[in-house]
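So the structure is just underneath, and the comments pick up after that.
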Ligand SMILES: NC(=O)c1ccc[n+]([C@@H]2O[C@H](COP(=O)([O-])OP(=O)(O)OC[C@H]3O[C@@H](n4cnc5c(N)ncnc54)[C@H](OP(=O)(O)O)[C@@H]3O)[C@@H](O)[C@H]2O)c1
């Protein structure tokens with residue numbers, strides 16, 4: 001069976017929030033397949049080692065300090081990418097985060113910080129990169145939602161609301177930008193073993209709790225990189241506006257990934 005259509009070789013790709021976790025996994029995968037990757041995090045000293053590691057493995061990487069909450073940072077990052085690589089083919093809106101709290105305990109600042117990071121960060125990057133894609137005749141955008149954007153997630157109301165909004169934004173942009181040749185899709189991961197999740201749960205990364213799933217298999221960053229590579233490749237040319245769920249095998253009737261209840 002030919003597999004060339006799954007390749008991202010030669011694509012100019014932006015991955016936000018790539019100093020660790022899922023973003024790093026996606027950046028490393030794309031670079032290993034021959035893509036030029038531009039990666040960012042809030043701190044140059046955290047993103048530089050990822051770029052160096054990619055280069056040591058023979059890949060091409062540009063590392064930029066960029067806070068996706070700040071439109072000026074994002075514009076500079078996107079502009080630097082276009083200048084360095086000569087264009088932008090793929091944007092992966094990965095940067096995101098959360099904290100766990102009952103709704104009544106979330107302050108206005110806390111609520112706004114999560115909406116700002118997850119939703120407005122996606123807005124800023126999509127506005128900036130979308131302009132280049134429209135001018136260049138097309139591209140591909142991959143947004144990062146969550147299974148918690150698809151169903152209720154107790155003690156994560158702010159996160160859940162932001163990730164649900166990202167799904168609807170994906171569907172809307174897929175229609176608005178179809179005539180510009182831009183495909184917009186979304187990934188909704190279940191629980192994936194990352195430093196961010198370990199920090200949220202207050203545990204070591206290798207001490208993830210057993211999952212409420214039939215297979216009890218925890219997700220790995222490579223699982224999500226597989227989906228991202230597919231969505232960015234020509235193999236997904238007939239897909240836009242979709243949210244691809246990657247969560248293992250759920251136990252029938254139990255939609256919750258892990259109990260984040262506050263004892
Ligand atoms: N892991 C899961 O189980 C899971 C499940 C569903 C969805 N997701 C989603 O997948 C994405 C990645 O999750 P993860 O678990 O890999 O997270 P993670 O381990 O916490 O990594 C988050 C990444 O985002 C960067 N980042 C955070 N705030 C940023 C900002 N304002 N500007 C730029 N970069 C920023 C961090 O870099 P610095 O700290 O260096 O800035 C880091 O590289 C998120 O959108 C998350 O909501 C994760």
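The values are calculated or read from the model by the stated rules, or taken from the named source; none is laboratory data. The structure presented is a predicted model; accordingly, all values stated were derived computationally and were not measured. Neighbour counts are summed over all protein chains in view; Cβ atoms, including those assigned to glycine, are modelled from backbone coordinates with ideal geometry.
Would you mind listing the helices (runs of 4 or more DSSP H) fully within the range 1-111 where at least 3 residues are in contact (Cβ under 8 Å) with a residue 40 or more places away in the chain and either within 15 Å of the ligand (Cβ to nearest atom) or surrounded by 24 or more Cβ atoms within 10 Å (Cβ to Cβ) (or both)?
21-32, 71-85
Hey, can you tell me all the residues within the range 166-203 that are away from the ligand (no atom under 12 Å from the Cβ) and under 18 Å from residue 99 (Cβ atoms)?
The answer is 202, 203.
Would you mind stating whether residue 181 is in contact (Cβ under 8 Å) with a residue 12 or more places away in the chain and crowded, with 23+ Cβ neighbours inside 10 Å?
no
Search the range 118-129 for residues being surrounded by 21 or more Cβ atoms within 10 Å (Cβ to Cβ) and closer than 22 Å to residue 80 by Cα, and hand back the single one that is nearest to the chain's Cα centre (by Cα).
My answer is 122.
So which residues in the range 150-173 are in a helix (DSSP H, G or I) and touching a strand residue (DSSP E or B) at 6+ places or on another chain (Cβ under 6 Å)?
Listed by number, the residues that qualify are 166, 167, 170, 173.
Let me confirm something: among 228, 235, which residue is touching a strand residue (DSSP E or B) at 6+ places or on another chain (Cβ under 9 Å) and either modelled with pLDDT of 95 or more or assigned to a loop (DSSP other than H, G, I, E, B) (or both)?
The unique qualifying residue is 228.
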